[in-house]
1. Just check the stretch 29-92 against the gyration tensor rule for me: Cα atoms, a ≥ b ≥ c as the square roots of the eigenvalues, rounded for a/c under 1.5, and otherwise prolate or oblate depending on whether a/b exceeds b/c.
2. Under the Karplus relation 6.51 cos²θ - 1.76 cosθ + 1.60, θ = phi - 60°, what is the ordered set of whole-Hz ³J(HN,Hα) values for the stretch 18-35, x standing for Gly and Pro?
3. Each residue of the stretch 81-87 in turn: what ³J(HN,Hα) in whole Hz from Karplus with 6.51, -1.76, 1.60 and θ = phi - 60°, glycine and Pro shown as x?
4. So what is the relative contact order of the chain, in percent, for Cα pairs below 8 Å that sit 6 or more residues apart?
5. How large is ³J(HN,Hα) for each residue in the stretch 59-68, as worked out from phi by the Karplus curve 6.51 cos²θ - 1.76 cosθ + 1.60 (θ = phi - 60°), to whole Hz, x for Gly and Pro?
Amino acid sequence: MTRKEFRYVLPALAPCEFPEIPRPNGAELAVTVTQAGEVRITGNSSGLLYLARHLVAMGLHQGSSGLHVHLDPELGNLDSGSSSVIVSNRDFGIPDKGDS
């Protein structure tokens, strides 16, 4: 079995900033909700690693209250037809439902 490694270096940021993480060419990433209420995240390897970068950045960042990131097909970071997702770190507080 070939060993694979994932490495992500978080740049120095102000507490209210989140790193810009560009979507790689060819990355496929979709989020859907089934009729049973299950959230399904699907993607190719590039898309799943793209999502991982967002999650790792949110986990490592020493952010401020309410810091969050939107993953949304209209923003171009999820495939067309996907459900929107907000990623936040509970250590910083959870954004209100109406927050953008």
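1. prolate
2. In residue order, the calculated couplings are 10, x, 6, 10, x, 6, x, 4, x, 6, 10, 8, 9, 10, 10, 10, 6, 4 Hz.
3. 3J(HN,Hα) across the stretch 81-87, in whole Hz: x, 6, 7, 6, 9, 10, 9.
4. Worked out over the chain, it gives 26 percent.
5. These are the phi-based 3J(HN,Hα) values: x, 8, 5, 8, x, 9, 3, x, 4, 7 Hz.
All of the numbers you see were taken from the coordinates with simple rules; none came from a lab. This structure is a prediction, so every number in the text was calculated from the model and none was measured.
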